[in-house]
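Take a look at the structure below.
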Amino acid sequence: MNDNVNVTLNGNMNGNVNVTVNGNMNDNVNVTVTGNMNDNVNVTLNGNLNDNVNVTVNGNMNDNVNVTVNGNMNDNVNVNMNDNVNVTLNGNMNGNVNVTVNGNMNDNVNVTVTGNMNDNVNVTLNGNLNDNVNVTVNGNMNDNVNVTVNGNMNDNVNVTLNGNLNDNVNVTVNGNMNDNVNVTVNGNMNDNVNVNMNDNVNVTLNGNMNDNVNVTLNGNMNDNVNGTLNGNMNDIVNGTLNGNLNDNVNVTVNGNMNDNVNW
C-alpha cells in the first residue's frame, strides 16, 4: 500500500473481527472499529509506516482487543482504545508514539512499547481499571517518555521502564488505588526522572541517575509505601511524602550519592 489505507468497521460484531495491514505504507494508515464487539477484535499492522498510523476502536468490547504495530514508524503512531485492551508497538519510532486507553477496563490492560524511540512516547490510561494495568516501555528513549494512569484502580497497576533514557521520564498515577501500584525504572537516566503517585505505592529506581531524580508521594497511604533508589546518583535526589500514612513508610537509598539527597 503506497498511499492511504482506510479500514472502517461499523455495527455489531458477534464473533471475530481481524484487520491485518501488511506492506509499506508511505502516507496514512487509518483503522477504525466502531460498535459492539462480543468476542475478539485483532488489529495488526506490519511493515514500514513512513507517516501516520491511526488505530481507533470505539464501543463495548466484551472479550479481547489486541492491537499490534510492527515495523519502523517514521512519524506518528496513535492507538486509541475504549475497553479491554492489549496494545503492542514493536520497532523503531522516529517521531511520536501516542497510546491512549479510555473507558472502563474490567480485566486487563497491557501496553507494551518496544524499540528505539527518538522523540516522544506518551502512554495515557483513563477510566476505571478493576483488575490489572501493565505498562511497559523497553528500549532507548532519546527525548521524552510520559506515562500517565488516571482513574480508580482496584487491584494492580504496574509501570515498568527499561533501557536508556536520555532526557525526561515522567510517570504519573492519579486516582484511588485500592491494592498495589508498582513503578520500576531501570537503566541509565541522564537528565530527569519524575515519579508522582497519589496512593499506595512501590517506587523502585535502578541504575545511574546523572542529574535529577524526583519522587513525590501524595495522598492517603493506607498500607505500605516503599521507595527504593539503587545506583549512583551524581547530583540531586529529592523524595517527598505528603498525606496520611496509616501503616508503613519505607524509604531506602542505596549507592553513591555525590551531591544532595533530600527526603
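The values are calculated or read from the model by the stated rules, or taken from the named source; none is laboratory data. It should be emphasised that the depicted structure is a prediction, and the values quoted were computed from it without experimental measurement. Virtual Cβ from ideal backbone geometry, glycine too; neighbours counted across all protein chains shown.
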task = Can you tell me which residue among ASN72, ASN106 is at pLDDT below 75 and surrounded by fewer than 17 Cβ atoms within 10 Å (Cβ to Cβ)?
result = ASN106
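For the range 160-171: of the residues being within 14 Å of VAL213 (Cα to Cα) and modelled with pLDDT of 75 or more, which is nearest to the chain's Cα centre (by Cα)? Please lay out each step first, then the result.
Taking the range 160-171 and keeping what is within 14 Å of VAL213 (Cα to Cα), we get 165-171.
Filter again for modelled with pLDDT of 75 or more, leaving 166, 168-171.
On the way: ASN166: 18, ASN168: 15, VAL169: 11, ASN170: 10, VAL171: 9 Å.
Going through the qualifying residues, I end up with VAL171.
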request  = Could you run through the range 127-141 and say how many residues are modelled with pLDDT of 75 or more and either acidic (Asp, Glu) or assigned to a strand (DSSP E or B) (or both)?
outcome  = 6
